[in-house]
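The values are calculated or read from the model by the stated rules, or taken from the named source; none is laboratory data. On a predicted model such as this, the values are computed, not experimentally measured, just so you know. With ideal geometry, Cβ positions are generated from the backbone for all residues, glycine too; neighbour counts draw on all protein chains shown.
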Amino acid sequence: MSPYAVLATILAYFAAMAAVSFLSSRGGGKEVFYNGGRKTHWAVVAFAMIGACMSGVTYVSVPGMVGVSGFGYLQMCIGFFLGYLVIAFVLTPLCFRLDVVSVYQYLEKRFGMGSYRTGAWFFFVSKMLGASVRLFLVCLTLQLLLFGPLRLPFWLNVVCNVGICLAYTFRSGVKSVIWNDVLKTVCMIVVVILCIVLIGRDLGGIRIEERVFFFDDVNHPQYFWKQLLGGLFTVVAMTGLDQDMMQRTLSCKDTRDSQKNLIVSSLLQTVVIALFLCLGALLYQYAAAHGMTETGDRLFPAVATGGGLPGIVGVLFVLGLVSSAYGAGGSALTSLTTSFTVDILRKEKDVKARKAVHIGMSVLMAVTVIVFNAVNSTSAIDAVYKLASYTYGPILGLFAFGILTRKQVRDQWVPVVALLSPAICLVLQLNSERWFGGYKFSYELLLLNAALTFLGLCLLIRRDGRRKPE
């Protein structure tokens, strides 16, 4: 595929994003950046959240992982749905009742400043690393398709992509993110369906026989109950306790609308993920039929741009890729800016501070992507969830303790517990096969991390039952 065709596709999509951002930024006040003024219709948010959950990792890695795990990822989707029910009926009412801008403000009200800062900093690290993994994958693909052929360095690739994310979110924040997520959702659904049709036509028909459920080996990472529990707690942590995702949900006008948004969105996301898996099965069939050796994250780019299919497939691939990249990158920047400004700097109403933080987050993300490029050695989607297991676990444990108990803790010691829990998990994961008869941890490591945090907080319970004055 010509690099100039790639460039033209990117510029066309950027023009569409700029138009959407301009229209969405009109008529809003200072609060629009953080929660869209809480005037967004729930159906718009539900449709937008399909795209919000589909990053460049989903777009490239989910089809690629079919070769290793079949349709086993759908087991996690069952857990995802259960997790969305927890978010809808436990976390969302709590956030609206407390009228918070950031979900981590709950921790201050419940425990104190130490817990509040702990939650905010763990989110900051989680989101910066996770967003960088996602953006790295997109930049790597664009380096192969555009920047490499034009002999442009990787760092310029990263700067250009982060700059685009900064540009379309700088003024209206989450409101622009939501409407651009709608655009992104449309693009990704159209792309995956058309690619399935065109590749299926080349193969002479669509025939898919992939394994979905794995019940036979408890030690296997794809074991059903591991995947289900991993999906449940991953979505609670990475959506319900993630400022990035909850910022969209909290833009609805009330609790009931937010609940409708979450339930409808979770069902639609399952359908879209199933489409991506079907695409992955066809990609492997196509590669085998044409003597291609690429697998994993490299499979979809190789098939789409290899020249064996109509040129429109390559254009569609790039369109889906850039839509996923800029949607995920922009929303990450917005949530990082919100959390750092509101939770860490405590300057919610200071517009100048918020704009400075927004620029600072962009620079830090660009640097992190460049560093990740130097050390990456694993599948991108696996890397995202492994990072989540370590960094979202303490957040999940904190919220679980706060919601399920009425106890107060020695707030000043909460950061110590939050650091020790993932450290213990790392030791257990590195030695699990030797210590536990060949057992391999998968995404259930998140649950273990949260449980250790919960137990650690039990050791910090104040016997007088009262919260220490700030």
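Report yes if W179 is touching a Pro at 6+ places or on another chain (Cβ under 9 Å), closer than 21 Å to K355 by Cα and in a helix (DSSP H, G or I), otherwise no. Working first, answer last.
Values: touching a Pro at 6+ places or on another chain (Cβ under 9 Å): no; closer than 21 Å to K355 by Cα: yes; in a helix (DSSP H, G or I): yes.
Spelling it out, it is not the case that W179 is touching a Pro at 6+ places or on another chain (Cβ under 9 Å), closer than 21 Å to K355 by Cα and in a helix (DSSP H, G or I).
Against the condition in contact (Cβ under 8 Å) with a residue 12 or more places away in the chain, farther than 28 Å from G456 by Cα and assigned to a loop (DSSP other than H, G, I, E, B), how does E348 come out, does it pass?
Judged against the criteria, E348 is a match.
If you go through the range 401-420 one residue at a time, how many are assigned to a helix (DSSP H, G or I) and either under 29 Å from the mean Cα position of the chain (by Cα) or surrounded by 18 or more Cβ atoms within 10 Å (Cβ to Cβ) (or both)?
Applying the first criterion (assigned to a helix (DSSP H, G or I)) to the range 401-420 yields 401-404, 411-420.
Among the residues that remain, those that are also either under 29 Å from the mean Cα position of the chain (by Cα) or surrounded by 18 or more Cβ atoms within 10 Å (Cβ to Cβ) (or both) are: 401-404, 411, 414-420.
Here the count works out to 12.
Before we move on, is L445 within 27 Å of the chain's Cα centre (by Cα), closer than 23 Å to V236 by Cβ and either at pLDDT below 85 or among the polar types (S, T, N, Q) (or both)?
On the way: within 27 Å of the chain's Cα centre (by Cα): yes; closer than 23 Å to V236 by Cβ: yes; either at pLDDT below 85 or among the polar types (S, T, N, Q) (or both): yes.
Yes.
Is it true that I199 is assigned to a helix (DSSP H, G or I), modelled with pLDDT of 85 or more and closer than 23 Å to F80 by Cβ? First the steps, then the outcome.
On the way: assigned to a helix (DSSP H, G or I): yes; modelled with pLDDT of 85 or more: yes; closer than 23 Å to F80 by Cβ: no.
No, not satisfied.
Considering only the range 390-399, I want to know if a residue exists there that is touching a helix residue (DSSP H, G or I) at 6+ places or on another chain (Cβ under 7 Å), more than 25 Å from Q75 (Cα to Cα) and modelled with pLDDT of 90 or more.
Applying the first criterion (touching a helix residue (DSSP H, G or I) at 6+ places or on another chain (Cβ under 7 Å)) to the range 390-399 yields 390-398.
Remaining after also requiring more than 25 Å from Q75 (Cα to Cα): 398.
Those left that are additionally modelled with pLDDT of 90 or more: 398.
Checked against the condition, which is being touching a helix residue (DSSP H, G or I) at 6+ places or on another chain (Cβ under 7 Å), more than 25 Å from Q75 (Cα to Cα) and modelled with pLDDT of 90 or more, the range 390-399 yields at least one hit.
Checking S258 against (1) closer than 20 Å to F96 by Cα; (2) out of contact with any helix residue (DSSP H, G or I) (no Cβ under 8 Å at 6 or more places or on another chain); (3) of a type outside the set (V, I, T), only one condition comes out false. Which one?
All conditions pass for S258, except number (2).
Would you mention how many residues in the range 231-274 are more than 16 Å from the chain's Cα centre (by Cα) and under 21 Å from Y116 (Cα atoms)? Walk me through it before giving the result.
Initial filter on the range 231-274 (more than 16 Å from the chain's Cα centre (by Cα)): 250-261, 263-264, 267-268, 271, 274.
Those still in the list that are under 21 Å from Y116 (Cα atoms) too: 250.
So the answer is 1.
Among (1) surrounded by fewer than 23 Cβ atoms within 10 Å (Cβ to Cβ); (2) within 17 Å of the chain's Cα centre (by Cα), there is one condition V138 misses while meeting the rest; what is its number?
Going through the list (1) surrounded by fewer than 23 Cβ atoms within 10 Å (Cβ to Cβ); (2) within 17 Å of the chain's Cα centre (by Cα), V138 breaks only (1).
When you scan the range 300-313, do you find a residue that is at pLDDT below 80 and within 21 Å of the chain's Cα centre (by Cα), even just one?
No, because not a single residue in the range 300-313 is at pLDDT below 80 and within 21 Å of the chain's Cα centre (by Cα).
Being in a helix (DSSP H, G or I) and over 30 Å from L457 (Cα atoms) narrows it down to one of A88, A167, A120, so name that one. Working first, answer last.
Working: A88 fails: over 30 Å from L457 (Cα atoms); A120 fails: over 30 Å from L457 (Cα atoms).
From the options A88, A167, A120, the qualifying one is A167.
Return the pair list, or none, for Cβ contacts closer than 7 Å from residues in the range 406-435 that are touching a residue at least 40 places away in the same chain (Cβ under 8 Å) and under 16 Å from F454 (Cβ atoms) to residues that are in a helix (DSSP H, G or I) and aromatic (F, W, Y), at least 6 apart or on different chains.
Hits for this filter: A418/F122.
Quick one: how many residues across the range 430-442 are assigned to a helix (DSSP H, G or I) and crowded, with 17+ Cβ neighbours inside 10 Å?
Of the range 430-442, the ones assigned to a helix (DSSP H, G or I) are 430-435.
Next, from what is left, pick out any that are crowded, with 17+ Cβ neighbours inside 10 Å: none.
Going through the range 430-442 one residue at a time, the tally reaches 0.
Going through the range 78-87 one residue at a time, which ones are crowded, with 21+ Cβ neighbours inside 10 Å and not β-branched (V, I, T)? Walk me through how you get there before you give the answer.
Keep residues of the range 78-87 that are crowded, with 21+ Cβ neighbours inside 10 Å, which gives 79-80, 83-84, 87.
Of everything in the range 78-87, those that are crowded, with 21+ Cβ neighbours inside 10 Å and not β-branched (V, I, T) turn out to be G79, F80, G83, Y84.
Only one of (1) under 30 Å from L23 (Cβ atoms); (2) buried (at least 24 other Cβ atoms within 10 Å of the Cβ) fails for L146. Which number is that?
Answer for L146: the failing condition is (2).
Applying the selection to the range 202-218, what residues are more than 27 Å from the chain's Cα centre (by Cα) and more than 26 Å from A304 (Cα to Cα)? Write out each step before concluding.
Kept after step one, since they are more than 27 Å from the chain's Cα centre (by Cα), are these residues of the range 202-218: 202-209, 215-218.
F215, D216, D217, V218, listed by residue number.
Of the residues that make up the range 253-262, is at least one among the β-branched types (V, I, T), assigned to a helix (DSSP H, G or I) and either crowded, with 19+ Cβ neighbours inside 10 Å or at pLDDT below 85 (or both)?
At the first step, the residues of the range 253-262 found to be among the β-branched types (V, I, T) are 255.
Restricting the remaining residues to those that are assigned to a helix (DSSP H, G or I) gives 255.
Now drop any that are not either crowded, with 19+ Cβ neighbours inside 10 Å or at pLDDT below 85 (or both), which leaves none.
Within the range 253-262, not a single residue is among the β-branched types (V, I, T), assigned to a helix (DSSP H, G or I) and either crowded, with 19+ Cβ neighbours inside 10 Å or at pLDDT below 85 (or both).
So for the range 229-238 (the condition being in contact (Cβ under 8 Å) with a residue 12 or more places away in the chain, in contact with a Cys (Cβ under 8 Å, 6 or more places away or on another chain) and of a type in the set (G, A, S)), does at least one residue qualify?
The initial filter retains those residues of the range 229-238 that are in contact (Cβ under 8 Å) with a residue 12 or more places away in the chain, namely 229-238.
Then drop every residue that is not in contact with a Cys (Cβ under 8 Å, 6 or more places away or on another chain), which leaves 231.
Right, trim to of a type in the set (G, A, S) and you get 231.
The answer is yes; a qualifying residue exists.
Yes/no matrix, rows are residues, columns are (1) assigned to a helix (DSSP H, G or I); (2) touching a Leu at 6+ places or on another chain (Cβ under 9 Å); (3) of a type outside the set (S, T, Y); (4) closer than 20 Å to A328 by Cα:
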| site | (1), (2), (3), (4) |
| --- | --- |
| Q247 | yes, no, yes, yes |
| S251 | no, no, no, yes |
| T270 | yes, yes, no, yes |
| Q285 | yes, yes, yes, no |
| F300 | yes, yes, yes, yes |
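If the requirement is being outside any helix (DSSP H, G or I) and surrounded by fewer than 21 Cβ atoms within 10 Å (Cβ to Cβ), which of these qualifies: V100, V159?
Values: V159 fails: outside any helix (DSSP H, G or I).
Residue meeting the stated conditions: V100.
Within the bounds of the range 6-21, is there any residue that is at pLDDT below 65 and surrounded by 15 or more Cβ atoms within 10 Å (Cβ to Cβ)? Break it down stepwise before answering.
Initial filter on the range 6-21 (at pLDDT below 65): none.
Checked the range 6-21: no residue is at pLDDT below 65 and surrounded by 15 or more Cβ atoms within 10 Å (Cβ to Cβ).
When only residues in the range 26-78 that are among the small types (G, A, S), modelled with pLDDT under 75 and assigned to a loop (DSSP other than H, G, I, E, B) count, which is nearest to D297 (Cα to Cα)?
Within the range 26-78, the match that is nearest to D297 (Cα to Cα) is S55.
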